[in-house]
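We did not get these values from a lab; they are worked out from the coordinates using the rules stated. Owing to the predicted nature of the structure, the values given are computational and were not obtained by experimental measurement. Here the Cβ positions follow ideal geometry from the backbone for every residue, glycine too, while neighbour counts run over all protein chains shown.
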Amino acid sequence: MPNVRRPKRGSRAFYPLSRARRPYPTIERWPHSNDVKPLGFAGYKAGMTHVMIIDTNSNSKTKGQLISRAVTVLDCPPLSVFGFKAYSNTPHGLKSMCDVLAEKQNKNLERKFVVKKIKPLDEQLKRLDGQKPAKVRLLVQMNPGFKQKPEVFELAIGGTPDKQLEYAKGVLGKELRAADVLKESDFIDVFSITKGHGTEGPVKRFGIRIHGRKAQQMARKVGGKGTTEPGKVRSTVPQGGQHGWQSRMEFNKRIMKIAKAEDATPAGGFLRYGKVYGDAVLIDGSVSGPAKRLIRLRSPMRPPKTKYAVDMKAISTESKQGV
């Protein structure tokens, strides 16, 4: 008989696995762009549905046909710009020069941290006189439609530092909508935190085989942990440990549609989420994380060479409560 080989189960692309520090991801690198606009956005994962589109991919076997695609619906309420931060270049990387905050702040921001007395805007901008920042980033807060503390994070801006500073002054204290930053049929990078399962064994964590009844006291354990030499258990041996709650990034996810809330909300709302509050951003395929998890979006770091339009015909609004 031929030699039957069973490949290893479980991805070790991110090994060793480690827990995320907080419930929403961090973006450490931003792409270079000449467009003076924010290079990212964020939304809450509401659920999944499917859409009917005309396949416009010239390399596809179903080109020109009506096909169904699974999409993830992100609830993207407007982002409130409550300030911006100026950075300077140092031998050790970017260093914060000063923070400029809007004079009028959203009351919901007090649930996140204590907002001290804010000086007038003219006095805050005087700290930048005679200095040229290397980078300027927006300080934004989420406005969820459910009871939750607003997440606060930074958004990079494209263009030169002078144009970044001018843009930041113009949007200070205002709101940014998804349509101001994102465009349909564009590609984006998705950052998320996966669903947490806590401590799990090697069967669920790596998908190893369950032993038969003659394997004494080791039905759900790995058969052998290694050889006598080098006398240690290698890191490639499947063992129990932390499963899930890890930061993940996916490159080049396509935006299928930026729709109104009522056009993408199914009958009865999404399971474990409810109705969409802000703009509904439909992303092709799946996105890591459970419902109500914050998903951050970034302009593509390595965009694909080919790009094709999205010819959407219908969005499924059937009830997802029984799924």
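Tabulated values for the structure
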quantity: FRET efficiency for R302 and S185, using Cβ-Cβ distance with R0 set to 25 Å, rounded to 0.05; calculated: 0.90
quantity: Sorted by Cβ neighbour density within 10 Å, fewest at the top, the residues F191, F14, F251; calculated: F14, F251, F191
quantity: Most mobile of V276, V100, V181 in a GNM of the chain (Cα contacts under 10 Å); calculated: V181
quantity: Long pairs among K119/K163; K163/K257; K119/K169; K37/K260, criterion Cα-Cα beyond 20 Å; calculated: K119/K163; K163/K257; K37/K260
quantity: Inter-label distance, nm, simple model (7 Å from Cα along the C-beta direction), K260/S68; calculated: 2.7 nm
quantity: Computed log₁₀ I(q)/I(0) - Debye formula, equal Cα scatterers, no solvent, segment 184-268, q 0.14 Å⁻¹; calculated: -0.75
quantity: Cα-Cα over 30 Å, subset of K63/K305; K116/K275; K45/K305; K174/K253; K45/K204; calculated: K116/K275
quantity: MRE, 222 nm, helices only [DSSP H, n ≥ 4, -39500 (n - 2.57), over the chain, to nearest 500]; calculated: -2000 deg cm²/dmol
quantity: Quotient of Cα Rg and 2.2 N^0.38 Å for segment 79-176, N being how many residues it contains; calculated: 1.10
quantity: Ranked by how many other beta carbons lie within 10 Å on average, peptides 159-165, 76-82 from highest; calculated: 76-82, 159-165
quantity: Qualifying chymotrypsin sites (Phe, Trp or Tyr not before Pro) for segment 252-323 [loop in DSSP, other Cβ within 10 Å: at most 16]; calculated: Y308
quantity: FRET E, pair N57, Q239, Förster distance 41 Å, beta-carbon r, rounded to 0.05; calculated: 0.45
quantity: Answer label for Cα extents along the principal axes in Å (calculated), chosen among (1) 77, 42, 37; (2) 80, 55, 41; (3) 74, 47, 28; calculated: (2)
quantity: Efficiency of FRET between E166 and K232 - r from beta-carbon atoms, R0 51 angstrom, step 0.05; calculated: 0.30
quantity: Mean Cβ count within 10 Å, highest first, over the residues of peptides 138-149, 288-299; calculated: 288-299, 138-149
